[in-house]
Amino acid sequence: MSEHSEKLTKTALTPSTHTTPPAKFSHGVKKGNILQVAGQVGFGPAVEGQAPTPVGPELREQTLQTFANVEAILKEGGASWEDAMMLRVYLTDTSHFAEFNEIYNEYFAGLGEAPAARTTVYVGLPAGLLVEIDALAVLG
Amino acid sequence: MSEHSEKLTKTALTPSTHTTPPAKFSHGVKKGNILQVAGQVGFGPAVEGQAPTPVGPELREQTLQTFANVEAILKEGGASWEDAMMLRVYLTDTSHFAEFNEIYNEYFAGLGEAPAARTTVYVGLPAGLLVEIDALAVLG
Amino acid sequence: MSEHSEKLTKTALTPSTHTTPPAKFSHGVKKGNILQVAGQVGFGPAVEGQAPTPVGPELREQTLQTFANVEAILKEGGASWEDAMMLRVYLTDTSHFAEFNEIYNEYFAGLGEAPAARTTVYVGLPAGLLVEIDALAVLG
């Protein structure tokens, strides 16, 4: 098949703003025209020798930082929000949904006419984290 | 690479049965031969000027409507259940699993020999919703 | 488009170690260069006429068996861990995260420099199951 006619290479994506992953996985990977962003949370930019910490306790600041962290990985792979096919949003409290949607709509107000699909569910996250987002992008 | 030889366009998929999304995302998107369906729930067909509401309180009716909503988006993108690679099912109660599987098996009884992979987990959803399903399809 | 120039076939992946799925879905499917592994748990190898059962009650044994089950499906489709783009890990208890990461790091110690992205969330699973993992792979 045409997709198999050339050997594709999988590349790990590690923006300079990100700490080394705490386990043997990547913040993102790219292979062919598929780019997968791992679950991102509201950790601030990496500081050498320090464990990553959330930018603050509130949903708004964590969400905006999470968006920035997802975007950094998309960019590292030569992609942008316009290439995002799916965002999976994990919230920890159903009562956060309305506020999350407000922040989300503000953030993406300038996006083109074909924004990503999105799924939002309520799960558990490590203490102090209110939101996690992962993303699938198709380049080209 | 061959996948990059032509510029791909991302297209939002909005079946006429669906209300405008409550936030800046799409019910589904298609780019190249990848089609992603956003998380669907048991909302009935869109009625102008009314907020979407579940078709009923029971798992069976919500599940069948959710399947219909996923299928409408697949069709809008020129795909069918046969193209679905992965269904992610979110239930809100582990005690619903057996009944869900019955409904699922009935619904897909006529599907060809290569139905989709599936993951089912138990999460939180907004009040009144018992099931959410999203889907990844590969056309071709 | 080049991706559409040949008809792609979706193939169900059923390793001999796996029981028949309890519902109308596949343990994995492959179409073109996309391979999707359904949610796997710590069930031991299939025994004719017996319902699948977890290999044991502990996180370590269930996690290692789950990895083996995911890998069996990747192999059935001609892929390996090196082709995995995304692992989604579902744990049932936030207190399992540290131990899970230890097991994960040991298991993947020999993996190349571009391991998969990963998302870990805490959800509900059927009684007795502590971990579930699904995977998306891109071959080529």
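The values are calculated or read from the model by the stated rules, or taken from the named source; none is laboratory data. Since the model is a prediction, treat every value here as computed from it, not as a measurement. With ideal geometry, Cβ positions are generated from the backbone for all residues, glycine too; neighbour counts draw on all protein chains shown.
On the basis of being surrounded by fewer than 20 Cβ atoms within 10 Å (Cβ to Cβ) and among the hydroxyl-bearing types (Ser, Thr, Tyr), does A:THR66 make the cut?
Details: surrounded by fewer than 20 Cβ atoms within 10 Å (Cβ to Cβ): no; among the hydroxyl-bearing types (Ser, Thr, Tyr): yes.
Answer is no for this residue.
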Would you say C:GLN65 is away from every other protein chain (no Cβ under 12 Å), closer than 28 Å to B:GLU99 by Cα and out of contact with any helix residue (DSSP H, G or I) (no Cβ under 8 Å at 6 or more places or on another chain)? yes
Which listed residue, of A:ALA23, A:ALA38, A:ALA12, is farther than 19 Å from A:VAL131 by Cα, within 15 Å of the chain's Cα centre (by Cα), small (Gly, Ala, Ser) and within 14 Å of chain C (Cβ to nearest Cβ): A:ALA12
Within segment A:40-63, identify whether any single residue is assigned to a loop (DSSP other than H, G, I, E, B) and buried (at least 23 other Cβ atoms within 10 Å of the Cβ), and answer yes or no. yes
Please specify each residue of segment A:26-35 satisfying the condition of being more than 7 Å from chain C (Cβ to nearest Cβ) and farther than 15 Å from A:LYS75 by Cβ. A:ASN33
Only one of (1) surrounded by 18 or more Cβ atoms within 10 Å (Cβ to Cβ); (2) at the interface with chain B (Cβ under 10 Å from one of its Cβ atoms); (3) in contact with a helix residue (DSSP H, G or I) (Cβ under 6 Å, 6 or more places away or on another chain) is not met by A:LEU130, so which one is it? (2)
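Could you go through segment B:84-97 and let me know if any residue there is of a type in the set (Phe, Trp, Tyr) and free of Cβ contacts under 8 Å to residues at least 40 places away in the same chain.
To start, the set of residues in segment B:84-97 that are of a type in the set (Phe, Trp, Tyr) comprises B:90, B:97.
From the residues that got through so far, the ones that are free of Cβ contacts under 8 Å to residues at least 40 places away in the same chain too are B:97.
Yes, segment B:84-97 contains a residue that is of a type in the set (Phe, Trp, Tyr) and free of Cβ contacts under 8 Å to residues at least 40 places away in the same chain.
Could you tell me which residue of segment A:116-127 is farthest from the other protein chains (Cβ to nearest Cβ), considering only residues that are within 16 Å of the chain's Cα centre (by Cα), farther than 24 Å from A:LYS30 by Cβ and of a type in the set (A, V, I, L, M)? Explain how you work it out, then say what you get.
So in segment A:116-127, the residues within 16 Å of the chain's Cα centre (by Cα) come out as A:116-121, A:125.
If we keep only those that are farther than 24 Å from A:LYS30 by Cβ as well, we get A:120-121, A:125.
Imposing the further condition that a residue be of a type in the set (A, V, I, L, M) reduces the set to A:121, A:125.
On the way: A:VAL121: 4, A:LEU125: 7 Å.
Ranking the candidates gives A:LEU125 first.
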Say whether the condition of being away from chain B (no Cβ under 14 Å), among the polar types (S, T, N, Q), more than 14 Å from the chain's Cα centre (by Cα) and not in a strand (DSSP E or B) is met by at least one residue in segment C:83-92. no
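What tally of residues in segment A:106-127 results from selecting those that are part of a loop (DSSP other than H, G, I, E, B) and not aliphatic (A, V, I, L, M)? Spell out the reasoning first.
Start the filter on segment A:106-127 by keeping residues that are part of a loop (DSSP other than H, G, I, E, B), which leaves A:108-116, A:123, A:125-127.
Next, from what is left, pick out any that are not aliphatic (A, V, I, L, M): A:108, A:110, A:112-113, A:115, A:126.
Adding up the residues that qualify gives 6.
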Being more than 12 Å from chain A (Cβ to nearest Cβ) and modelled with pLDDT of 90 or more narrows it down to one residue among B:GLU48, B:GLU71, B:GLU113; which is it? B:GLU71
Is it fair to say A:PHE97 is modelled with pLDDT of 90 or more, surrounded by fewer than 20 Cβ atoms within 10 Å (Cβ to Cβ), more than 25 Å from C:GLU82 (Cα to Cα) and within 7 Å of another protein chain (Cβ to nearest Cβ)? yes
Going residue by residue through segment C:48-65, is there one that turns out to be under 24 Å from B:ASN33 (Cβ atoms) and touching a His at 6+ places or on another chain (Cβ under 8 Å)? no
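Residues being of a type outside the set (Gly, Ala, Ser) and surrounded by fewer than 20 Cβ atoms within 10 Å (Cβ to Cβ): count how many of those fall in segment A:104-121. Talk me through it step by step, then tell me what you get.
The initial filter retains those residues of segment A:104-121 that are of a type outside the set (Gly, Ala, Ser), namely A:104-108, A:111, A:113, A:115, A:118-121.
Then drop every residue that is not surrounded by fewer than 20 Cβ atoms within 10 Å (Cβ to Cβ), which leaves A:105-108, A:111, A:113.
Result for segment A:104-121: 6.
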Check segment C:84-94 and report whether any residue there is at pLDDT below 95, surrounded by fewer than 21 Cβ atoms within 10 Å (Cβ to Cβ), of a type outside the set (A, V, I, L, M) and within 27 Å of C:ALA12 (Cβ to Cβ). no
